[in-house]
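The values are calculated or read from the model by the stated rules, or taken from the named source; none is laboratory data. None of these values were measured; they are calculated from a predicted model. Note that we place each Cβ from the backbone using ideal geometry, even for glycine, and neighbour counts take in every protein chain shown.
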Amino acid sequence: MKNVPVNNYPTSIQLDIHDGKFEPCLEFEQRKVSDLAKMFSDKAAIEDILRRGDRLVYEIRYYPFFTSNSDMALGTTIIFPGKVGNEYHMTKGHFHEREDQPEVYHCVQGEGVLQMMTREGEYVSAPWKADTITHIPPQFAHRVVNTGTFPLVFVAVFHVAAGHEYGPIEQRGFRYKVVEKDGKMAEVSNPRWA
Ligand code: S6P
Ligand code: ZN
């Protein structure tokens with residue numbers, strides 16, 4: 001994160017829980033279907049969406065609380081509802097580069113699933129609704145899936161030094177995929193883990 005001012009005084013920000021926005025926002029990122037082409041399984045569905053002009057899946061806003069000797073940060077993510085093929089909109093998912101860095105996620109709006117998995121493939125999923133708060137231990141990759149019909153908004157609290165490692169998830173995904181099956185949400189085995 002570049003150009004973030006050091007501030008050694010207490011700081012408060014006001015969050016809009018409906019869209020994850022706050023001011024001032026120090027970093028803003030958008031991820032579209034094209035950015036998640038390695039994550040979603042249905043390649044024909046991806047091509048079809050891209051032919052029609054791509055689509056926004058989620059937005060991330062960051063506020064790093066940098067002091068002279070600490071790097072705690074706040075991130076808010078809004079995942080818009082939708083599916084690619086039968087797979088629900090989701091974040092890319094990542095491990096933290098540092099193995100001593102956990103994270104806390106707080107779902108403030110929407111419904112879905114928080115998927116977590118170790119490098120060995122031990123899998124835990126947490127059903128999510130408004131005000132579910134989950135502690136993610138350092139060794140678990142994490143991905144949020146919006147299975148509802150409204151935007152899902154969550155707040156993440158972490159240290160910037162934790163870092164993001166996307167490679168293993170790009171290569172194999174999580175052990176289970178979160179899909180719509182017979183009109184309902186289902187977690188089905190991911191063939192890349194067979
Ligand atoms: C950072 C934290 C979140 C995610 C964000 C997007 O450690 O877990 O701020 O970066 O929800 O997810 P992803 O997988 O695209 O980074
Ligand atoms: Zn993280």
For ALA194, state whether it is at pLDDT below 95 and away from ligand 2 (no atom under 16 Å from the Cβ).
-> yes
Test GLU165 against the criterion of being farther than 22 Å from LEU36 by Cα, within 15 Å of ligand 2 (Cβ to nearest atom) and in contact with a Phe, Trp or Tyr (Cβ under 7 Å, 6 or more places away or on another chain), and give yes or no.
-> no
Residues (part of a strand (DSSP E or B) and within 12 Å of ligand 1 (Cβ to nearest atom)) located in the range 88-111 = MET90, HIS94, PHE95, GLU103, VAL104, TYR105, HIS106, CYS107
Pick from the range 110-145 the residues that are basic (Lys, Arg) and closer than 22 Å to TRP193 by Cα: which of them is surrounded by the most Cβ atoms within 10 Å (Cβ to Cβ)?
-> ARG143
Name every residue in the range 59-110 that is farther than 28 Å from ILE49 by Cβ and among the acidic types (Asp, Glu), in order of residue number.
-> ASP71, GLU97, GLU99, ASP100, GLU103
Go through the range 128-194 and tell me which strands (runs of 3 or more DSSP E), entirely inside it, have 1 or more residues that are farther than 24 Å from GLY75 by Cβ and either within 16 Å of ligand 1 (Cβ to nearest atom) or aromatic (Phe, Trp, Tyr) (or both).
-> 176-181
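Residue-wise test of (1) within 15 Å of the chain's Cα centre (by Cα); (2) farther than 21 Å from GLU180 by Cα.
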| position | (1), (2) |
| --- | --- |
| PHE65 | no, yes |
| SER68 | no, yes |
| MET72 | no, yes |
| PHE95 | yes, yes |
| GLY110 | yes, no |
| GLU122 | no, yes |
| GLN139 | no, yes |
Of those in the range 22-44 that are at pLDDT below 95 and away from ligand 2 (no atom under 16 Å from the Cβ), the residue surrounded by the fewest Cβ atoms within 10 Å (Cβ to Cβ) is PRO24
Could you give me the residue pairs with C-beta distances under 7 Å whose first residue belongs to the range 76-95 and is small (Gly, Ala, Ser), whose second residue is more than 13 Å from ligand 2 (Cβ to nearest atom) wherever it lies, and which are 6+ apart or on separate chains?
-> GLY82/HIS89; GLY85/PHE40; GLY85/SER41; GLY85/ASP42; GLY85/ALA45; GLY93/PHE174
So which of VAL153, VAL179 is crowded, with 20+ Cβ neighbours inside 10 Å and either among the aliphatic types (A, V, I, L, M) or modelled with pLDDT of 95 or more (or both)?
-> VAL153
